Structures are given as structure tokens and as C-alpha cells.
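Everything below concerns the one structure shown next.
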Amino acid sequence: MIADVPARQRRVLQIVLYINAAMFLVEFGAGLLAGSTALLADSVDMLGDALVYGFSLYVVSRGSVWQARASLLKGTVMAIFGLGVLLEAILKIVRGIVPAAGLMGGIGLLALAANVVCLFLLWRRRGGDINMRSAWLCSRNDVMANAGVLVAAGAVALTGSAWPDIAVGLLIATMFVTSAISIVGEAGRALRPLATP
């Protein structure tokens, strides 16, 4: 039973990888069409998740050092995406573009459904090793980000202003950076005893 744990983890990671890769394409295209910071932020997060799930697949049966390194990479990617969203929000403020609320809401709802499926698949594995815990954290963040996109879409529709979209995009960026700090810290603590002779 214990021997097939990596095989079960691998299956779960493959499924969430495919879901995230497909949703990146959908959300990125829709984010460009809608002019939405929140959708673009969420799409880039989907791409980051797909990349780190791929790396997680690589390290799932390679031991704690590789798993900690994978988590370190995940944290770094999350921090970079947080900074990228911040830059995009600044550009939106300068340009003054109001996103298309209907498209934001529709794609946000689709992304929420996809991420709830991922979260459900990873739920039982969240207490396992650092690799699976960090994968679950990525999906949890995605669900919260999707809920934020839906709130932003509703607020943009009600106000006709880009500010709700910008605010949610910045909140998503903050969530990325906060989670990144947590994951990098945990990975560092896991690697520290291994580095001392």
C-alpha cells in the first residue's frame, strides 16, 4: 500500500497539471480580450501551477531533498508572478482601461470550477510531504483568486470602473507573495539540516 503512494500522487498531479495548462490558455486569452488585470493574474498563476506541478511530478518519488527543492522553486515562481501582477496593475492605472465585466465573470466562473476540482483532488494529499502540501497550497490560492475575480467582475459591472479589477489583481499578487514566503521558508527549513555535515 505504501509503495503505490508515489503512483497515486503522480496520477493526481498529472490531472491537475492538465487542468491548469488548459485553463492558462483559456484565461490568458480571455484576460487579453477583456483587458482584465485579475484574469491575467489568475491565468499566469495557472501557468505557474502547471509548471510547478510538472516539476512536482519529477520529484514525487525522489526523496525529501528534491521535494524541498521543488517547493523552493514553487515559492520563487509564485513570488515572481506576484511581482508581475503588480507591474500589470501599474500599467492598467496608467492606461485607464476598464475591463469587460461579463467576460471576466464567465471565465472566472469556469476557472473557479476547474480549481475546485484540483483542490478536491489534492485535498487528501495536503498533509503528506512538502511537495504535495505546496501543490495543495497552490490550488487553495487559485480558488481564492477565482472568487476574487468573480467579485471584481461584479464590482466592475456595477461601477464601470477598473479599480475593483486592479484591487483584486493586487490582492491576488499579495496572496502569491505571502504564500511564496511561507513555501520558501518551509523548503529552507527542510534543506537546512541536509546542508550541514
- prompt: Pick from the range 33-47 the residues that are of a type in the set (Gly, Ala, Ser) and part of a helix (DSSP H, G or I): which of them is farthest from residue 19 (Cα to Cα)?
  reply: 34
- prompt: Restricted to the range 48-62, and to residues that are assigned to a helix (DSSP H, G or I) and of a type in the set (A, V, I, L, M, F, W, C), which residue is most open to solvent (accessible area, probe 1.4 Å)?
  reply: 51
message: Quick check on this structure: which one of 65, 156, 77 is touching a Pro at 6+ places or on another chain (Cβ under 6 Å), open to solvent by less than 70 Å² (accessible area, probe 1.4 Å) and assigned to a helix (DSSP H, G or I)?
response: 156
- prompt: Looking at the range 16-36, which of the residues that are under 24 Å from residue 183 (Cβ atoms) and open to solvent by less than 30 Å² (accessible area, probe 1.4 Å) is nearest to the chain's Cα centre (by Cα)?
  reply: 20
statement: Contact list, first residue from the range 48-76 and within 14 Å of residue 137 (Cβ to Cβ), second anywhere and buried (at least 23 other Cβ atoms within 10 Å of the Cβ) and of a type in the set (Asp, Glu), beta-carbon distance below 8 Å, six or more apart or interchain, is 49/142
message: When you check residue 13 against the structure, is it touching a Gly at 6+ places or on another chain (Cβ under 7 Å) and open to solvent by less than 60 Å² (accessible area, probe 1.4 Å), yes or no?
response: no
query: Quick one: is residue 117 open to solvent by 10 Å² or more (accessible area, probe 1.4 Å), closer than 16 Å to residue 27 by Cα and β-branched (Val, Ile, Thr)?
result: no
message: Can you go through 87, 122, 91 and tell me which one is loosely packed, with under 15 Cβ neighbours inside 10 Å, assigned to a helix (DSSP H, G or I), touching a helix residue (DSSP H, G or I) at 6+ places or on another chain (Cβ under 9 Å) and modelled with pLDDT of 80 or more?
response: 91
Unique residue being within 27 Å of residue 192 (Cα to Cα) and in contact with a Leu (Cβ under 7 Å, 6 or more places away or on another chain) when the list is 13, 51, 72: 13
field: Close pairs (6 angstrom Cβ cut-off, 6 or more residues apart or separate chains): over 10 Å from residue 89 (Cβ atoms) in the range 160-174, in a loop (DSSP other than H, G, I, E, B) anywhere
entry: none
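The values are calculated or read from the model by the stated rules, or taken from the named source; none is laboratory data. Note that the structure is predicted; figures quoted are calculated from it, not measured. Please note: Cβ atoms are built from the backbone with ideal geometry, for glycine as well, and neighbour counts cover all protein chains shown. Ligands, DNA and RNA are stripped out before the accessible areas are found, and what is left, the full protein with its side chains, is counted by its heavy atoms. Shrake-Rupley method; radii C 1.70, N 1.55, O 1.52, S 1.80 Å.
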